[in-house]
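Below is one structure, written out as structure tokens; comments come after it.
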Amino acid sequence: MKFLGPIGFVSVSKLRLKRYFTERIIRISLLLCSVVSILTTIGIVSVLIFEAGLFFAEVSIIEFVTGTKWTPLFSSKHFGIWPLLTGTLLTSFGAMLVALPLGLLSAIYLSEYAPNSVRQILKPILEILAGIPTVVYGFFALLFVTPLLRSISDDVAIFNAISPAIVMGIMILPMVSSLSEDAMRAVPRSLREGAYALGATRMEVATKVVVPAALSGIVAAFILAVSRAIGETMIVAIAAGSNPNFTFNPLVPIQTMTGYIVQVVLGDAPTGTLAHKTIFAVGISLFLITLVMNLLSQIVVGKFREVYE
């Protein structure tokens with residue numbers, strides 16, 4: 001490009017200089033955001049490790065890992081994590097049984113069967129479930145789902161594991177459905193057309209072509225939703241009870257890890273006491289569980305990821 005005089009070169013130089021400084025500012029801003037995120041994570045993990053170290057300086061880690069009684073707020077103190085762990089597993093597994101099949105089937109319908117006009121209506125309605133406050137879900141489980149279950153069976157206690165599990169499954173259903181549907185719609189159209197050309201039905205294309213091709217995204221959606229269920233607090237704090245039983249019976253009162261943390265934070269144990277330090281031991285256990293699940297998701301996604309040109 002030619003310029004008529006030095007003024008043109010000066011203006012172009014100023015424009016390039018301005019663009020250079022703008023890019024530098026944007027790059028530094030993005031770097032600072034990343035650093036803040038990393039430092040926040042390091043700070044949280046450091047606090048958990050430090051406070052949990054103070055707890056394990058007084059309590060044997062073997063008792064914590066193998067014990068089946070959890071009574072740190074009683075006069076006879078026991079610090080076995082298994083009652084809280086089984087309560088967390090009961091509610092999370094129940095939520096998986098509700099959310100994963102319904103979410104996957106919903107995603108298959110939205111991706112492969114629903115017309116665009118129907119999809120544009122159903123998907124936002126489904127995603128509204130994710131915007132409902134969890135405390136509302138908790139009271140819904142306690143005041144509606146639990147009486148409904150008790151009308152079916154007298155064995156269901158007022159506080160139980162099955163009611164919050166069902167409601168948690170409804171809560172994470174949009175996450176499973178939306179993320180899985182996005183993964184399916186990202187599958188190239190050529191794969192579907194090739195399957196149809198070979199005589200496959202729509203169901204065969206959906207289940208034998210699209211789902212396997214989108215398996216990495218679907219698995220990531222599953223694990224992300226399960227991690228969300230494991231970390232849920234208000235639903236289990238309201239509807240599951242505060243009785244740390246070492247049981248796999250979903251019909252009796254239980255207590256989850258997050259439910260116990262809420263109980264202690266509300267003031268049942270003075271700050272600085274051994275009972276108060278238990279929340280950090282429980283917190284780091286919960287952190288390790290979610291960390292393992294995230295690492296597992298990375299391995300599974302990396303193993304099943306398909307690359308399309």
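The values are calculated or read from the model by the stated rules, or taken from the named source; none is laboratory data. If you're wondering where the values come from, they're calculated on a predicted model, not measured in any experiment. Neighbour counts run over all protein chains shown; Cβ positions are idealised from the backbone, glycine included.
If Val262 satisfies every condition in (1) without any contact (Cβ under 8 Å) to a residue 40 or more places away in the chain; (2) under 16 Å from Val176 (Cβ atoms) but one, which is the exception?
Going through the list (1) without any contact (Cβ under 8 Å) to a residue 40 or more places away in the chain; (2) under 16 Å from Val176 (Cβ atoms), Val262 breaks only (2).
Identify, by number, the condition in (1) modelled with pLDDT under 90; (2) buried (at least 16 other Cβ atoms within 10 Å of the Cβ); (3) under 16 Å from Gly241 (Cα atoms) that Thr71 doesn't meet.
(2)
Quick check on this structure: which one of Ala206, Ala237 is closer than 19 Å to Ser285 by Cα, of a type in the set (Gly, Ala, Ser), buried (at least 19 other Cβ atoms within 10 Å of the Cβ) and in contact (Cβ under 8 Å) with a residue 24 or more places away in the chain?
Ala237
Assess whether Ile158 counts as being surrounded by 15 or more Cβ atoms within 10 Å (Cβ to Cβ) and modelled with pLDDT of 90 or more.
no
Please work out if Leu31 is free of Cβ contacts under 8 Å to residues at least 40 places away in the same chain, among the hydrophobic types (A, V, I, L, M, F, W, C), assigned to a helix (DSSP H, G or I) and not assigned by TED's automatic domain parsing to the domain that holds Leu291.
Yes; evaluated as a whole, the condition is true for this residue.
If you check Thr88, Thr68, which single one turns out to be out of contact with any strand residue (DSSP E or B) (no Cβ under 7 Å at 6 or more places or on another chain) and either at positive phi or assigned to a loop (DSSP other than H, G, I, E, B) (or both)?
Thr68
Mind counting the residues in the range 108-127 that are of a type in the set (A, V, I, L, M), crowded, with 16+ Cβ neighbours inside 10 Å and touching a residue at least 12 places away in the same chain (Cβ under 8 Å)?
Selection size over the range 108-127: 3.
Within the range 24-57, work out how many residues are over 11 Å from Phe280 (Cα atoms) and touching a strand residue (DSSP E or B) at 6+ places or on another chain (Cβ under 9 Å).
0
Quick one: would you say Pro270 is in contact with a Leu (Cβ under 7 Å, 6 or more places away or on another chain) and not in a helix (DSSP H, G or I)?
No, not satisfied.
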